[in-house]
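Taken together, the values in this text are just the output of simple stated rules run on the coordinates, not laboratory data. The structure presented is a predicted model; accordingly, all values stated were derived computationally and were not measured. Counting neighbours? That spans all protein chains shown, and the Cβs are built from the backbone with ideal geometry, glycine included.
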Amino acid sequence: MKVPLLDLKAQYATIKDEISAAVAEVLESQICIGGPKVAELEQKIAAISDCKYAVGVSSGTDALLCSLMALKIGPGDEVITTPFTFFATVGSIVRTGATPVFVDIDPCTYNINPALIEAAFTPRTKAIVPVHLFGQMCDMDPIVKIANKHSLYIVEDAAQSITATYKGRRAGSIGTVGCFSFFPSKNLGGAGDGGMIVTNDESLHQRIALFRNHGAKPKYFHKYVGGNFRLDPIQAAVLLVKLPRLDEWSEARRRNAAYYNEAFQGTPIVTPHIRPGCVSIYNQYVIRTANRDALLAQLKANDIGCEVYYPVPMHEQECFANLGYNASDFPHSRAAAREVVAIPVYPELRADERERVVVAIKRLYS
Ligand SMILES: *Cc1c(COP(=O)(O)O)cnc(C)c1O
């Protein structure tokens, strides 16, 4: 019996008829760009994120890129972020022409260590991009403090953390803008690519809406050079079916996580550390061990899906060699990349399946 890392078919089976009807509605309307589904999703994502405004975009990557462009970040600017993230965080910064400046992670949470940010600040620093990795938000209070002190923007990369909270505040609502992804493996995943930008700043919201659509207002009169960063209404229709179930699904992930936390006690497995004041949505349940090769082999031998997020930190990526970092510059990111692995935590994971995961892993240490 195989236990996959994620089983999208199991979730689809529970909402298939509603999805079909919602997609058919869009097709029947032949409103293929923008329209009421996109507007409704924007309004609802803004609401669940405690933000006033939301702009649907084509992906989480484009949410980051469009936000940075609308904030006029470009050549000569520096943007502080973490090297232990998905490529898109850093790729987006580089695509604006700005220079990413890395700050190492807190080895307990895998999120950027705020205590190291100040040392990375220079007069060229324009923004901080904290990444709320695996479903848990960064320690935002000290980040906001530094940003306020130096008048920096905060672009929250909340691709993995929609609805997660930090001291009761929602992911995306603390920074200047928050960026979400609807990539199918995220907690709220579409039937393809999609993303959303949220903000409480009205004029920035208007700029972002323009940048999403080639900077045009009115049509064919271009105020800025933006892009085609629009969200597809078919994706919006699918996401509107899934959205009412999001909390229930995240709760099921938390139950699975609690089961694992308990089960791995007394083993050498390091389980996720959720800081007091944070509620994680467990986009991934990431465990850690010094001897990862043996763990990966054991999972493979037992047909248990797993994935290393992420095997190569950004400062060690070939395409960023010109940034001039050494592999040893960010030791906690480097060590995490060598020692972590994500195991199945998706909401539909059955009790017998998660037990099988635990038994297989524990056998390594008996
Ligand atoms: C998924 C993800 C993105 C990019 O989202 P896409 O929708 O795949 O473009 C950006 N940052 C992080 C941390 C992610 O996990």
**OP:** Compute the Rg/Rh shape ratio of the stretch 151-255: radius of gyration over Kirkwood radius, all on alpha-carbon atoms.
**Re:** 1.02
Subject >> Fraction of beta bridges assigned by DSSP in the chain that are antiparallel (%, nearest 5) >> reply: 60 percent
**OP:** Mind scanning Lys149/Lys217; Lys126/Lys149; Lys44/Lys72; Lys9/Lys242; Lys126/Lys186; Lys16/Lys186 and naming the pairs with a C-alpha gap bigger than 23 Å?
**Re:** Lys149/Lys217; Lys44/Lys72; Lys126/Lys186
Original post:
Where the convex hull is taken over the Cα atoms of the stretch 31-162, what is its projected area averaged over directions, in nm²?
Top reply: 8.4 nm²
Original post:
Out of residues 5 or more away from Thr85 or on other chains, whose amide H comes under 5 Å of its own, with H placed 1.01 Å from N in the peptide plane?
Top reply: Met314
Subject >> Helical contribution to [θ] at 222 nm, DSSP H n ≥ 4, -39,500 (n - 2.57), averaged over the chain, rounded to 500 >> reply: -11500 deg cm²/dmol
**OP:** Could you check which residue among Leu231, Leu64, Leu323 shows the biggest mean-square fluctuation in a GNM of the chain with a 10 Å Cα cutoff?
**Re:** Leu323
Subject >> Max mean-square fluctuation residue, GNM over the chain, Cα-Cα springs under 10 Å, options Arg334, Arg292, Arg230 >> reply: Arg292
Original post:
Hey, any idea what the orientation-averaged projected area of the convex hull of the chain's Cα atoms comes to, in nm²?
Top reply: 18.4 nm²
**OP:** Compute the Rg to Rh ratio over the stretch 208-292 from the alpha carbon atoms, using the Kirkwood formula for Rh, and round to two decimal places.
**Re:** 1.26
Subject >> Test item: Cα-centred dipole of the chain, Lys/Arg +1 and Asp/Glu -1 on Cβ, debye >> reply: 260 debye
**OP:** For the stretch 26-70, report the translational diffusion coefficient in µm²/s to the nearest whole number, using Stokes-Einstein at 10 °C, 1.306 mPa s, and a Kirkwood Rh over Cα pairs.
**Re:** 135 µm²/s
Subject >> Sorted largest first, extent of the stretch 245-365 alpha carbons per principal axis (Å) >> reply: 48, 33, 24
Original post:
What are the ³J(HN,Hα) values, in whole Hz, obtained from phi via the Karplus relation 6.51 cos²θ - 1.76 cosθ + 1.60 with θ = phi - 60°, for each residue of the stretch 15-26 in sequence order, with x given for Gly and Pro?
Top reply: 9, 3, 5, 5, 5, 4, 5, 5, 5, 4, 4, 5
Original post:
Distance from the Cα centre of the stretch 110-136 to that of the stretch 192-218, in angstrom?
Top reply: 24 Å
